[in-house]
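One structure below.
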Amino acid sequence: MKKIYLYTRFERFWHWAQALLICGLLWTGFAVHGDLPWPDFYNAVIWHNRLGIAWLILFAFIIFWEATTGEWRHYVPTTRKLFAVARYYLLGIFKGESHPVAKTPEAKHNPLQRLTYLGVALVIVPVQVVTGLLYWTYSDWHIVGFSMDLGLLAFVHVAGAFLFLIFLVIHVYMITTGHTPFAHLKAMITGWEEVGHGEKGSNQKK
């Protein structure tokens, strides 16, 4: 087992900042719809808008950073060992098998992660941004002659929020699937990932 420096300072910063902003958006968004008792509707709307703008600005910086540093290459989809990784998470991890794809500075994400993160960035994020901005400017639609069923808009935006929630829950679970339950969490805090013998399933005998 050896340590490699895998996650830069800015990468760790935007990861945690984005996580906090998404959690805040989910909380205030569900509060707006009355699913949570706090904050009240007025403050929930204000904070949801503020967090949304902050997240949009952060996401723009992330895209710029990915494009200018070459980090975008880690998200290029590939089918190489895709089914092996899927089988590992479905079966192998519970049998204590090693992860079929090792992390390296040249390939931080396995094929399944690449497809998932790319899907989030190219589908869920744009849907939330567009529907969120439309929601925010609802009172000004008449100025440009735009019209849309508000109920449908709300449904799509909430559906996107649930997809983010599902992604967040799975993401938190995946954190615990390293060679120790907190290995991946520690790596995203320090930047240093322990690699060498592959990631082991939680049922591996010591």
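Observations on the structure shown:
- Boolean, Thr116 is out of contact with any Pro (no Cβ under 6 Å at 6 or more places or on another chain) and exposed (fewer than 13 other Cβ atoms within 10 Å of the Cβ): no
- Residue in region 147-162 that is surrounded by 15 or more Cβ atoms within 10 Å (Cβ to Cβ), modelled with pLDDT under 95, among the hydroxyl-bearing types (Ser, Thr, Tyr) and more than 16 Å from the chain's Cα centre (by Cα) present: no
- Residue in region 160-172 that is in contact with a strand residue (DSSP E or B) (Cβ under 8 Å, 6 or more places away or on another chain), assigned to a helix (DSSP H, G or I) and without any contact (Cβ under 8 Å) to a residue 40 or more places away in the chain present: no
- Residue in region 71-89 that is buried (at least 16 other Cβ atoms within 10 Å of the Cβ) and closer than 30 Å to Phe155 by Cβ present: yes
- Per-region count, region 37-87, residues within 28 Å of Gly178 (Cα to Cα), assigned to a helix (DSSP H, G or I), out of contact with any Leu (no Cβ under 7 Å at 6 or more places or on another chain) and hydrophobic (A, V, I, L, M, F, W, C): 7
- Checked against (1) under 18 Å from Phe10 (Cα atoms); (2) touching a Lys or Arg at 6+ places or on another chain (Cβ under 9 Å), Ala60 passes all but condition (2).
- If the condition is being in a loop (DSSP other than H, G, I, E, B) and of a type in the set (S, T, N, Q), then region 135-157 contributes Thr137, Ser147.
The values are calculated or read from the model by the stated rules, or taken from the named source; none is laboratory data. No experiment lies behind these values; they were computed from the predicted model shown. Quick reminder, even Gly has a Cβ in these numbers, built from the backbone with ideal geometry, and neighbours come from all protein chains shown.
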